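Asker: First, the structure itself, so that you have it in front of you.
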Amino acid sequence: MKPGLIPGFDDQRFALDLLEQHHILITPGNGFNVPYRDAFRITLLPDAEAMRKVLATIELAAAEYAGRV
């Protein structure tokens, strides 16, 4: 996701929602001591097929989040 794509995006809230609702763990961007809260980080450890599913879920969750913000 490009920074600034969802106005009002809160990386910590999104990360918590993604974990609680979809069991996907991401790291809020501000966890890396940056001044912005509109990004997150992922680690690409699972196999390619699992990552496709995870990234699709993240994309859907971001779209849902954008509708609530």
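Asker: Can you tell me how many residues within the stretch 1-35 are open to solvent by 100 Å² or more (accessible area, probe 1.4 Å) and of a type in the set (S, T, Y)?
Answerer: The qualifying residues number 0.
Asker: Considering the stretch 36-69 alone, what residues qualify as being open to solvent by 90 Å² or more (accessible area, probe 1.4 Å) and either in a loop (DSSP other than H, G, I, E, B) or of a type in the set (A, V, I, L, M, F, W, C) (or both)?
Answerer: Scanning the stretch 36-69 gives Y36, R37, T43, L44, L45, D47, L60.
Asker: Taking the stretch 5-35 as the region of interest, how many residues are in a helix (DSSP H, G or I) and of a type outside the set (D, E)?
Answerer: Going through the stretch 5-35 one residue at a time, the tally reaches 13.
The values are calculated or read from the model by the stated rules, or taken from the named source; none is laboratory data. Since this is a predicted model, take the numbers as computed values, not measurements. All accessible areas refer to the heavy atoms of the entire protein, side chains included, with ligands and DNA or RNA removed. Shrake-Rupley method; radii C 1.70, N 1.55, O 1.52, S 1.80 Å.
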